[in-house]
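The values are calculated or read from the model by the stated rules, or taken from the named source; none is laboratory data. It should be emphasised that the depicted structure is a prediction, and the values quoted were computed from it without experimental measurement. Methodologically, a virtual Cβ is constructed for each residue, glycine included, from the backbone with ideal geometry; neighbour enumeration extends over all protein chains shown. The accessibility values were calculated without ligands, DNA or RNA, using every heavy atom of the protein model including side chains. Shrake-Rupley method; radii C 1.70, N 1.55, O 1.52, S 1.80 Å.
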Amino acid sequence: MTSLIRMRDVTAERTAGDRDENLSPVTPFGLDPGRSQLVLVGLGLVLWLISLTRIDLRGLDDLGLVSVLPVTFFGALALIATAFAIGLAANSRRRLLDLHVLALVVVLHATSAFLFTAPKFGYVYKHLAVIDFIQQYGVVYREIDIYQNWPGFFAAAAVLADRTGVDALAFANWAQPFFALVAVLALRYVFGGLTRDHRRIAAGLWVFVLGAWLLPTYLSPQSMGYVLTLLVFGVVLRHLRPESRSAQPSGLPLAVPAAIGSWWTPRGLLATLRSVPRDEPQGDARPFPRVVAIVVVLALSAAVVVSHQLSPFFLVLGLAVMVVVRRCDVRWLPVAVLVMTVIQVWLSWDYVSTHQTVVSFDLWNNVRGAQSGSPSAGSVGHQLVGTTARVVSLLLVVAAGVGWWRARLREAWILVLALTPVLLVLVQGYGGEGIYRIFSFMCPWLAFLAGGLLLAPAAGLRRLVVVAGTSMVALLLLLVAAFGLDRVNAIQPEEVAAGRWFETYAPPGSALTLLSSNFPAPQSARYTLYYSGGAQWGAEITSNPMFVGRRLGPTEVTEIVQSLNALRQPGQHVYLALGPSQVAFAESYGYAPEGSLTPLSALLIADPRLQVVFHDGDAWILEVGPST
């Protein structure tokens with residue numbers, strides 16, 4: 001048993017100088033490992049570009065993007081994965097390993113930006129509306145909605161649009177690759193504060209890209225808050241560690257023996273968490289002044305606090321753990337960020353207290369996902385996507401646990417960082433999205449722990465096969481989990497034009513009703529002119545208890561028209577928007593039988609009580625005539 005532990009210690013403490021002498025016979029093209037990696041990545045990117053010209057989005061089904069990807073796309077992923085496996089085994093230079101990770105991010109996250117001509121996700125357009133509002137009026141009004149109570153991100157995007165002269169709608173489509181790349185670069189900065197081994201850093205980043213299927217990358221406060229939170233953690237770990245100061249804080253020593261026999265006691269556990277592994281940096285090699293680091297952390301934290309409701313709490317929890325385990329010696333830092341958060345909530349209290357659930361102790365409701373209220377499990381493809389996402393999540397958690405165990409529990413404090421976000425589920429469900437945000441903030445630390453598994457010693461060819469093969473299996477699962485809902489998430493340019501028409505020409509106070517909630521509206525500064533009670537827009541047909549789950553035909557058209565007229569206030573105009581994204585959403589999530597809404601749309605368009613006021617491709621807006 002002792003020999004096994006010692007062998008595991010040797011594995012965990014392999015240094016960046018270790019190289020695999022058996023690697024050279026298995027590198028392709030007869031080239032040295034460095035050149036072979038460049039060739040493989042270059043070929044992979046060429047195959048990817050070729051793939052983009054062969055994808056026909058008209059074939060999208062309930063498996064999303066993976067259903068239309070050509071073989072060349074998977075070939076591109078295989079080449080990049082093989083290059084990374086070679087680089088990891090050959091202990092290639094840091095920049096070369098980083099190149100593989102960034103190439104994978106580009107292939108995965110830039111594909112949608114090239115293929116879809118309009119930003120994905122219907123809820124992105126609400127963000128565009130707030131950005132346009134700030135551009136037009138230069139102020140925010142807290143009584144309007146939750147977005148104008150946390151305006152930091154929207155104000156920054158408005159300034160960017162003004163300074164560049166680029167419409168926010170234009171750069172929204174490229175938010176996904178931008179935020180994905182920036183998040184990975186920020187995480188690389190964080191991991192540099194956890195280890196000096198550049199292979200361990202690259203392995204952690206690689207696992208992060210493979211496992212973070214819910215990485216927030218769309219144009220949103222969540223995406224910016226995520227990146228800024230990572231940057232705060234990076235600055236703290238690199239520049240505000242006790243090791244970077246001449247005087248150590250009092251209490252337990254920073255380094256304790258690797259084997260702590262009493263780790264189950266409070267004192268032993270705390271000593272274990274505060275122990276410093278041999279390869280953990282003792283401060284950044286090029287530290288900048290301490291006061292500058294503190295100012296940067298506070299500025300970034302303030303940006304997170306004024307931009308997003310939930311992200312500051314993950315930031316506070318992470319900073320608190322770093323203080324307790326002595327990776328941050330500015331002990332008042334988490335308190336300062338918490339105070340900023342409380343002040344922001346207090347400033348928004350009039351709106352929040354009347355429109356939001358501030359605290360919820362209903363654990364079951366907090367754990368359930370945003371679509372837990374769907375009337376059924378949804379289509380078969382939709383269920384497969386959901387199951388795959390859960391499998392990816394579970395595999396990442398298990399891999400992190402195994403990686404932690406193989407490191408002989410030496411990185412217990414990182415495991416605590418990974419588990420701490422779960423605490424928020426005890427007090428807040430965040431409209432059903434809380435569990436997803438929790439997993440997103442767990443992913444960096446889980447990925448770092450799991451990445452250690454890729455460094456396990458093995459013969460050259462065996463290591464290549466294991467790393468490249470495991471990566472390909474993970475990539476196949478990721479494509480389904482992360483992009484499996486693209487049939488639902490895809491928004492057609494014609495639908496964007498329909499939403500813009502409504503906000504341009506519909507009289508103020510008009511109600512826009514939908515087949516389902518998946519529609520690109522609101523999207524302009526005029527959005528406040530169409531709010532009904534409770535800051536809502538109209539109603540949805542398929543979620544109406546009268547129609548949910550039913551196959552609606554000619555008989556039900558009259559009931560639908562009557563229900564729409566029942567919404568009408570005196571003198572109000574009522575409109576109905578139809579489009580493929582609404583059809584995909586309702587049928588995928590089980591609000592309507594598969595294949596039932598396209599015929600229903602045709603019946604509504606032909607009904608004389610509904611007047612066509614806008615038509616472009618498959619997007620329609622009908623005005624509901626008053627009942628007689």
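Some values worked out for this structure:
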read-out: Residue list for the range 45-62, filter: crowded, with 21+ Cβ neighbours inside 10 Å and either touching a His at 6+ places or on another chain (Cβ under 9 Å) or β-branched (V, I, T) (or both); value: D62
read-out: Conditions (1) open to solvent by 10 Å² or more (accessible area, probe 1.4 Å); (2) in a helix (DSSP H, G or I); (3) under 20 Å from G484 (Cβ atoms): number failed by T82; value: (3)
read-out: From L215, L210, L231, L219, residue being assigned to a loop (DSSP other than H, G, I, E, B), under 27 Å from the mean Cα position of the chain (by Cα), at pLDDT 60 or above and within 21 Å of A418 (Cα to Cα); value: L215
read-out: In the range 322-333, the residues that are open to solvent by 20 Å² or more (accessible area, probe 1.4 Å) and assigned to a helix (DSSP H, G or I); value: V323, V324
read-out: Selection within the range 175-201 - surrounded by 22 or more Cβ atoms within 10 Å (Cβ to Cβ), farther than 18 Å from R238 by Cβ and touching a residue at least 60 places away in the same chain (Cβ under 8 Å); value: Q176, A180, R199
read-out: Some residue of the range 580-587 being surrounded by 15 or more Cβ atoms within 10 Å (Cβ to Cβ) and either assigned to a loop (DSSP other than H, G, I, E, B) or at pLDDT below 90 (or both); value: no
read-out: Some residue of the range 455-471 being basic (K, R), buried (at least 22 other Cβ atoms within 10 Å of the Cβ) and under 30 Å from S563 (Cβ atoms); value: no
read-out: Meets criteria (buried (at least 23 other Cβ atoms within 10 Å of the Cβ) and closer than 19 Å to V207 by Cβ) for L104; value: yes
read-out: Of all residues making up the range 334-358, the number that are open to solvent by less than 50 Å² (accessible area, probe 1.4 Å), among the polar types (S, T, N, Q) and either outside any helix (DSSP H, G or I) or at pLDDT below 95 (or both); value: 1
read-out: So E494, is it within 23 Å of L603 (Cβ to Cβ), of a type in the set (D, E) and either open to solvent by 20 Å² or more (accessible area, probe 1.4 Å) or modelled with pLDDT of 90 or more (or both); value: yes
read-out: Test: residue in the range 319-341 that is under 20 Å from I414 (Cα atoms), of a type in the set (A, V, I, L, M, F, W, C) and without any contact (Cβ under 8 Å) to a residue 12 or more places away in the chain; value: yes
read-out: Among the candidates L529, L597, residue that is at pLDDT 90 or above and in contact with an Asp or Glu (Cβ under 9 Å, 6 or more places away or on another chain); value: L597
read-out: Qualifying positions in the range 304-313 - part of a helix (DSSP H, G or I) and open to solvent by 10 Å² or more (accessible area, probe 1.4 Å); value: F313
read-out: In the range 506-517, the residues that are open to solvent by less than 20 Å² (accessible area, probe 1.4 Å) and closer than 25 Å to Q135 by Cα; value: A506, S510, A511, L512
read-out: Selected residue (only one of L45, L99, L104, L4 is assigned to a helix (DSSP H, G or I), modelled with pLDDT under 95 and not small (G, A, S)); value: L4
